1. Could you tell me which residue of the range 295-350 is nearest to Trp194 (Cα to Cα), considering only residues that are assigned to a loop (DSSP other than H, G, I, E, B) and of a type in the set (Gly, Ala, Ser)?
2. On the given criteria, is Glu104 farther than 20 Å from Arg193 by Cβ, of a type in the set (Asp, Glu) and in contact with a helix residue (DSSP H, G or I) (Cβ under 8 Å, 6 or more places away or on another chain)?
3. Could you check the range 255-269 and list, in sequence order, the residues that are in contact with a strand residue (DSSP E or B) (Cβ under 8 Å, 6 or more places away or on another chain) and not basic (Lys, Arg)?
4. Can you name the condition, by its number, that Arg271 falls short on among (1) closer than 15 Å to Val241 by Cα; (2) of a type outside the set (S, T, N, Q); (3) touching a residue at least 40 places away in the same chain (Cβ under 8 Å)?
5. Is it true that some residue in the range 213-224 is in contact with a strand residue (DSSP E or B) (Cβ under 8 Å, 6 or more places away or on another chain) and not hydrophobic (A, V, I, L, M, F, W, C)?
6. Could you tell me whether the range 111-121 includes any residue that is of a type in the set (Lys, Arg) and modelled with pLDDT of 95 or more?
7. Could you check the range 114-167 and list, in sequence order, the residues that are touching a strand residue (DSSP E or B) at 6+ places or on another chain (Cβ under 8 Å), among the aliphatic types (A, V, I, L, M) and over 21 Å from Ala188 (Cα atoms)?
8. Which pairs have Cβ atoms under 6 Å, sit 6 or more apart or on different chains, and link a residue in the range 8-31 that is surrounded by 24 or more Cβ atoms within 10 Å (Cβ to Cβ) to one that is in a helix (DSSP H, G or I) and modelled with pLDDT under 95?
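The values are calculated or read from the model by the stated rules, or taken from the named source; none is laboratory data. Given the structure is predicted, the values throughout are model-derived calculations rather than measurements. Note: ideal-geometry Cβ built from the backbone for every residue, glycine included; neighbour counts use all protein chains shown.
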Amino acid sequence: MTSGTSSPYRIIDLFAGPGGLDVAATWLGLPVIGIEIDDNACRTRKKAGLRTNPGDVRDFGPKDFPDENVLAGGPPCQTYTVAGSGTGRQALDKVLAFARRMDEGEDVRTELARMPDVRTGLVLEPLRWALEAIDLDRPYEVIVLEQVPAVLPIWDAMAKILRTRGYGVATGVLRTEQFGVPQTRRRAVLIARWGTTEVALPQPTHRAFNKRVAREQGDLMLKPWVPMGEVVRGGQTFTVVSNYGTGGDPKARGKRTHAEPSATVTGKISRNRIEGDGSRWGWHEAGQLQTFPSDYPWDGGDISQQIGNAVPPLLALHILEAALQLGTDLERWSAVCLPPWTKALRGVSH
């Protein structure tokens with residue numbers, strides 16, 4: 001199912017994790033190299049055969065990867081997500097002020113490193129890379145970023161900066177189930193293209209999930225959302241009890257049935273309980289809810305966290321196609337039938 005064609009695009013993926021975007025790039029036949037600091041994620045990447053530069057993105061820049069012309073990244077979300085500490089959301093105004101100073105040419109890296117939680121400032125690393133590439137007279141042809149919805153104001157601020165330097169930019173929040181992912185998850189996305197104003201986010205292919213609306217109802221031009229039971233556990237009936245509360249009440253455990261999409265897959269997904277038999281999701285099942293191939297070779301420790309931190313590859317596929325305009329027929333891609341990873345990996349030349 002890979003394109004099998006050569007591409008003018010070569011991707012550098014910041015905060016690459018276990019390979020969510022890299023899996024999508026591989027499906028599209030695109031060379032990609034990821035920078036990742038976490039040893040566990042690096043072990044999975046090595047076992048999966050993904051090109052990896054272990055280390056901290058702050059220690060590198062465009063000059064270290066002169067052949068890559070597409071910048072991608074999904075910075076750590078823990079301080080911005082609702083389920084996290086919230087320090088990133090509380091520091092939003094400070095982060096936006098840092099972005100304005102970077103726009104004016106200031107080097108703010110030392111100050112960012114002194115923030116109470118260093119992960120908060122990492123969201124601006126893609127902006128540093130983009131501005132440095134422009135200064136080197138080698139601007140990235142395409143920039144693709146994703147994060148939790150709380151980061152959208154930062155993406156919007158970066159969009160304003162990039163537009164003044166010759167990019168067309170689109171930003172917004174995408175719902176994963178509207179792209180065939182058997183999971184409800186919202187992601188703030190930025191797509192930028194050099195030298196054009198014709199930039200748009202991918203258009204949904206599936207209907208949005210609503211507990212009060214039947215799967216068969218809604219926009220008939222779109223496919224129905226994909227339930228968990230079509231992807232995992234071979235058509236069994238089951239109910240999943242979430243590891244976290246709903247509506248801010250930790251005691252009000254959310255529930256989803258096999259006939260619904262999964263709730264957001266987090267780093268604590270291994271704590272989810274299948275009502276009745278008390279079983280838990282296995283790694284490969286959790287990965288499949290994220291749309292990793294069923295044979296993806298997870299390795300290292302804290303695999304649940306690796307899976308929860310990753311961008312769903314099927315969503316990344318739609319984002320990359322919209323950003324790079326490859327002309328790929330995405331109609332034939334389905335979470336129910338993804339290509340085995342061992343087969344997909346043979347279809348791309350590094």
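1. Looking at the filtered set, the residue picked out is Gly327.
2. No.
3. Within the range 255-269, Thr257, His258, Pro261, Ser262, Ala263, Thr264, Val265, Thr266, Ile269 meet the criteria.
4. Tallying (1) closer than 15 Å to Val241 by Cα; (2) of a type outside the set (S, T, N, Q); (3) touching a residue at least 40 places away in the same chain (Cβ under 8 Å), Arg271 fails exactly one: (3).
5. Yes: the range 213-224 contains one or more residues that are in contact with a strand residue (DSSP E or B) (Cβ under 8 Å, 6 or more places away or on another chain) and not hydrophobic (A, V, I, L, M, F, W, C).
6. Scanning the range 111-121 turns up no residue that is of a type in the set (Lys, Arg) and modelled with pLDDT of 95 or more.
7. Ala133
8. Gly17/Asn309; Thr26/Ala344; Trp27/Ala344
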